[in-house]
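Inspection log for the structure reproduced underneath, given as structure tokens.
The values are calculated or read from the model by the stated rules, or taken from the named source; none is laboratory data. Since this is a predicted model, take the numbers as computed values, not measurements. Counting neighbours? That spans all protein chains shown, and the Cβs are built from the backbone with ideal geometry, glycine included. Accessible surface areas use protein heavy atoms only, side chains included; no ligands, DNA or RNA. Shrake-Rupley method; radii C 1.70, N 1.55, O 1.52, S 1.80 Å.
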Amino acid sequence: MSVSDPLASAPLEIRSLVRGVADHLRKEFEGIFAAETIQGYMADSYESLSGARVKGFVPLLVERYTRQRLRALARLEGTSTTDTPMIVFLCVHNAGRSQMAAGWMQHLAGDTVEIFSGGSDPASEINPAAVASMAEIGVDISSEFPKPWTDEVVRAADVVVTMGCGDACPIFPGTRYLDWEIPDPAGLSVEDVRPIRDELGERVRGIMAELQIPVRS
């Protein structure tokens, strides 16, 4: 992981805010990762997300994304003792199907499962029709953001669900994969996205039943 500084060309206010993220993460992962490791992941995460359309939220997104990656790395290196199952949902743009599936899992399982979603070619924003259709069932994914998958996250997963990314999806020996043939909601109306939403919900419930993850009350 490179520790080069991709912030040099960023606006001064963004530079200051993103660098403040490192202090939060160093405290959170103290005794688990060296400051240089955290700095490297933070810089790489910023570089991956710097194209986010809502620039004012970049520091928050960098913190969330880096935290997810470091937690996955801790699993891989055996420095995390959690037995919470980890499910990863992948599609091409991480703007529709994978975000909706992750939203369903979070809604149904809560903190009993660790959830990540990513894309091989992330979009600049979440599909508005996906957000609206999930809101109809009381699931808010409006604060989520498209992001690329990373090796440490996929390798740390108990189950990786792929949707439409084909050969672009990462394949690691020993990792369990499920491939869901789900229509892409890109360009569809909310009315047309509803059946996709409902099918994703049923499939997520199926994973939960198989892994004996209870539906929260």
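Counting only protein heavy atoms and using a 1.4 Å probe, the accessible area of Arg205 comes to about 100 Å². Per residue of the chain, what 222 nm ellipticity follows from adding -39500 (n - 2.57) for every DSSP H run with n ≥ 4, rounded to the nearest 500? Only helices count here, giving -15000 deg cm²/dmol. Counting heavy atoms of the protein chains alone, Leu76 has an accessible area of about 60 Å² for a 1.4 Å probe.
When all protein chains stay in place and ligands, DNA and RNA are ignored, the 1.4 Å accessible-area order of Phe29, Phe172, largest first, is Phe172, Phe29. P(r) for segment 76-217, from all Cα pairs and a bin width of 10 Å, is 12, 45, 35, 7, 0 %, short bins first. Each listed q (0.13 Å⁻¹) maps to a log10 I(q)/I(0) for segment 43-113, found by the Debye formula over equal Cα scatterers with no solvent: -0.48.
One Cα centroid belongs to segment 101-122, the other to segment 20-44; the line between them spans 23 Å.
Quantify, in whole percent, the carbon and sulfur part of the accessible surface of segment 121-171 (1.4 Å probe; protein heavy atoms only). With neighbouring chains kept in place, the figure for segment 121-171 is 46 percent.
Full extension of the segment from Asp121 to Ala135, taken as 0.36 nm per residue of separation minus the current Cα-Cα distance, would add 2.5 nm.
Put simply, the convex hull of the Cα atoms in segment 144-205 casts, on average, a shadow of 5.2 nm². Hull volume per residue, based on the alpha-carbon atoms of segment 174-217 and their convex hull, is 100 Å³.
The accessible-area ordering, largest first, of the residues Val139, Val131 stands as Val131, Val139, per a 1.4 angstrom probe. Split the chain at each of the GluC sites (Glu not before Pro) in a DSSP loop with at most 16 other beta carbon atoms within 10 Å, and the longest piece is 31-124.
On a per residue basis, segment 120-190 carries 47 Å² of accessible surface, using protein heavy atoms and a 1.4 Å probe. If you wrap the tightest convex hull around every Cα atom of segment 59-100 and split its volume per residue, you get 98 Å³. Solvent-accessible surface of protein heavy atoms, probed at 1.4 angstrom with all chains present, puts Lys147, Lys27 in the order Lys27, Lys147, largest first. Measuring from each cysteine beta-carbon in the chain, the ones with no other cysteine beta-carbon under 4.7 angstrom are Cys91.
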